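Below is one structure, written out as structure tokens; the observations come after it.
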Amino acid sequence: MRIVDGKVIVCSPGRNFVTLKLVTEDGVYGLGDATLNGRELAVASYLTDHVIPLLVGRDARRIEDTWQYLYKGAYWRRGPVTMSAIAAVDTALWDIRGKTLNAPVYQLLGGASRESVMVYGHANGSTEAETIAAVKNYVDLGYRAVRAQCAIPGVQHAYGVGRGTLYYEPAQKGRPLETVWSTERYLDFVPPLFASLRKEFGYDVHLLHDVHHRLTPIEAARLGKALEPSRLFWLEDPVPAENQAAFRTIRQHTTTPIAVGEVFNTIYDCAQLIEEGLIDYIRTTVVHAGGISHMKKIAALAELHHVRTGSHGATDLSPVAMAGALHFDLSVHNFGVQEYMRHTPETDLVFPHAYSFEHGSMHPGDAPGLGVDIDETLAAQYPYDPAYLPVNRLVDGTVHSW
Ligand code: GCO
Ligand code: MG
């Protein structure tokens, strides 16, 4: 079963998405998400100019061999652009395999390890009262896990403040928005916020929080400790993870569970954190971490060390990535939770899909392959619309992690 054609579809139904479509000689096609927020066209070019020409003529069934061929064969390794491109190819090949065998992808990955996968939604507010109301909205929708973020008084554009109720979108047109950050104000504000949320909702709902890479290890340790009475499901990206040994400091001081990995690309980015038991949840995704094949390896390493998965699932991951994530989540034994930020109705129309949400959980559906398609005619009505993620500065103007 030879691959005869491949193309990259870039569209913007509410936000930008890059989708790879691979076609075989039998006319079966598979899809892969290759969206890298704010750097979309770099991956599109990597695929169109360098990868698709190598795929034409290859056997679509040789998924692992193709992965290794693209990874080792490029000589230059890792990085978000390379790994998102490889991920798209890998995901598209799993889609083709499932369609050919008339089976949903999760059945090819070992079958379901659970009935459905718990997801968490994003509750954002510009005041504590608004965040409480946003959490209530998710609880009313049936969610059993909710991430809570709030604007910080005196901090302009603090991370996580939404635009609209269900569709949080930080990328914007034109030059990047410049946000301002104060660690002092943040550290004073967050523990009482979660105390209020627990007072309001009790302990039956899982609460999560994303620090978005902004603290030092000792600051993160202090926050984790202060949040212990609120029993978070996880504290996400407390510090930037380039220096993984730094997580030892956090671990020595707090039992608040730690989640890291949405910006990781390979198992090598995860190894130290997992092997030293420095984290509890690994957040890599099929789109940015080498596809379903590579995610299986990360999950297997994590399973050895009691680390569970908690894949990134923001709106900048297309429904194709969401479907891939759900097949993965349903099948791996050490699944923890899946992030689920709803796509806009425009996006859902461009990418019709079989996955569904019920009672705070999702299921990928039983359509053959990934169970997601792209309406190319409709996609063509939404041309690429350049947008950037914000850039963050400290109060004195120093550039800080966003
Ligand atoms: C999350 C994330 C996102 C990212 C976004 C960047 O936990 O969902 O941190 O909201 O900021 O994916 O493109
Ligand atoms: Mg995050």
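The values are calculated or read from the model by the stated rules, or taken from the named source; none is laboratory data. Everything quoted here is computed from the prediction, not taken from an experiment. Glycine gets a Cβ as well: all are built from the backbone with ideal geometry, and neighbour counts include every protein chain shown. Quick note on the areas: whole protein, heavy atoms, side chains included, nothing else; ligands and nucleic acids left out. Shrake-Rupley method; radii C 1.70, N 1.55, O 1.52, S 1.80 Å.
Per-residue answers, yes or no, for (1) open to solvent by less than 70 Å² (accessible area, probe 1.4 Å); (2) more than 22 Å from Glu169 (Cβ to Cβ); (3) at pLDDT 95 or above:
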| residue | (1), (2), (3) |
| --- | --- |
| Glu64 | no, yes, yes |
| Tyr71 | yes, yes, yes |
| Arg78 | no, yes, yes |
| Thr82 | yes, yes, yes |
| Leu93 | yes, yes, yes |
| Gly98 | yes, yes, yes |
| Gly111 | yes, yes, yes |
| Gly125 | yes, no, no |
Residue list for the stretch 107-149, restricted to those being basic (Lys, Arg) and farther than 13 Å from Gly160 by Cβ: Arg114, Lys136, Arg144
Pairs with Cβ under 6 Å, 6+ apart, first in the stretch 274-287 and outside the structural domain of Thr19 (by TED's automatic domain parsing), second surrounded by fewer than 22 Cβ atoms within 10 Å (Cβ to Cβ): Ile274/Leu301; Ile274/His305; Gly277/His305; Leu278/Arg251; Asp280/Pro257; Tyr281/Arg308
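Each row is one residue, and each column tells you yes or no for (1) assigned by TED's automatic domain parsing to the domain that holds Ile279; (2) buried (at least 24 other Cβ atoms within 10 Å of the Cβ); (3) among the acidic types (Asp, Glu).
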| residue | (1), (2), (3) |
| --- | --- |
| Ala314 | yes, no, no |
| Tyr340 | yes, yes, no |
| Ala379 | no, no, no |
| Asn392 | no, no, no |
Given (1) hydrophobic (A, V, I, L, M, F, W, C); (2) away from ligand 1 (no atom under 16 Å from the Cβ); (3) under 28 Å from Pro238 (Cβ atoms), number of the condition Val287 does not satisfy: (2)
Residues that are within 16 Å of ligand 2 (Cβ to nearest atom), open to solvent by 10 Å² or more (accessible area, probe 1.4 Å) and without any contact (Cβ under 8 Å) to a residue 60 or more places away in the chain, drawn from the stretch 288-312: His312
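Could you grab me the full set of residues in the stretch 342-355 that are β-branched (Val, Ile, Thr) and either open to solvent by less than 10 Å² (accessible area, probe 1.4 Å) or not assigned by TED's automatic domain parsing to the domain that holds Pro170 (or both)?
Thr347, Val350
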Sole residue being over 19 Å from Met83 (Cβ atoms), more than 16 Å from ligand 2 (Cβ to nearest atom) and hydroxyl-bearing (Ser, Thr, Tyr), chosen from Tyr29, Tyr46: Tyr29
Pick from the stretch 253-268, criterion free of Cβ contacts under 8 Å to residues at least 60 places away in the same chain and either open to solvent by 10 Å² or more (accessible area, probe 1.4 Å) or away from ligand 1 (no atom under 16 Å from the Cβ) (or both), ranking: nearest to Ala321 (Cα to Cα): Glu262
Single residue of Ile218, Ile274, Ile250 found to be β-branched (Val, Ile, Thr), open to solvent by less than 10 Å² (accessible area, probe 1.4 Å), under 30 Å from Ser182 (Cβ atoms) and part of a helix (DSSP H, G or I): Ile250
